[in-house]
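Derivation of every value follows stated rules applied to the coordinates shown; laboratory data play no part. No experiment lies behind these values; they were computed from the predicted model shown. We place every Cβ from the backbone using ideal geometry, glycine too, and count neighbours over all the protein chains shown.
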Amino acid sequence: AQKITQTQPGMFVQEKEAVTLDCTYDTSDQSYGLFWYKQPSSGEMIFLIYQGSYDEQNATEGRYSLNFQKARKSANLVISASQLGDSAMYFCAMREGLGTGRRALTFGSGTRLQVQP
Amino acid sequence: GAVVSQHPSWVICKSGTSVKIECRSLDFQATTMFWYRQFPKQSLMLMATSNEGSKATYEQGVEKDKFLINHASLTLSTLTVTSAHPEDSSFYICSAAGALAAADTQYFGPGTRLTVL
């Protein structure tokens, strides 16, 4: 069963606008972590933001914020003030259990974001 | 921040040859390393988890005799693709978690692009 679902294969956004990338997840664990990574054409995985299942506040990192709706099992990424350099593939990922850096991540299928001037 | 390197960054080889990919944690001790594979326009799929000093745990469908993983030290894990074939052409990415890593931190290497002719 798909644990991480990203329903938007591709998204376009105008420069300086905000964009939301969707992510839903499925787990029976109470403890889990949610991640967003950016993958530019070079292939490297760039960590953007993390949300733990017990975190009461939505995570924010600069222009990135995570809209965490636990009851809906969604963890959407919001990028504010888009820049041309934001054009990349974005992956949502989950790791079940907390404090378990030694467990692998499960990735969604990704969303390709293109920022237009 | 913690740095993970991979070598080589890209390799082209003939069908039937073996290729070794190295993953190193440069400034921390990685007790656990993960190997992922990413085919073009697809997501990252976990191949195996390796813990220092013990045998790797392979995901279902990954041939352990074809993808040999060695995690002999706390800073180095190697993935050897034996008797490579064109269908093994892919992007291979490692990630590492340290013994004293922050609770939910993993660090990704820059990836190795393998092309088998």
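Things to note:
- Shielding by other protein chains, B:44-53, mean Cβ within 10 Å: 2
- Sorted by Cβ density within 10 Å, fewest first, the residues B:Cys23, B:Cys13: B:Cys13, B:Cys23
- For chain B: rounded, prolate or oblate by the Cα gyration tensor [a/c cutoff 1.5]: prolate
- Tensor-based shape of chain A (alpha-carbon gyration tensor, a/c under 1.5 rounded, otherwise prolate or oblate): prolate
- Taking a straight Cα-Cα cut-off under 24 Å and skipping sequence neighbours fewer than 8 places away in the same chain, the lysines within cross-link reach of B:Lys66 are B:Lys14, B:Lys20, B:Lys41, B:Lys55.
- Most mobile listed residue (A:Gly97, A:Gly52, A:Gly33) in chain A, GNM with C-alpha springs under 10 Å: A:Gly97
- For segment B:5-58, the dipole from Cβ point charges (+1 on Lys and Arg, -1 on Asp and Glu) about the Cα centre works out to 280 debye, to the nearest 20.
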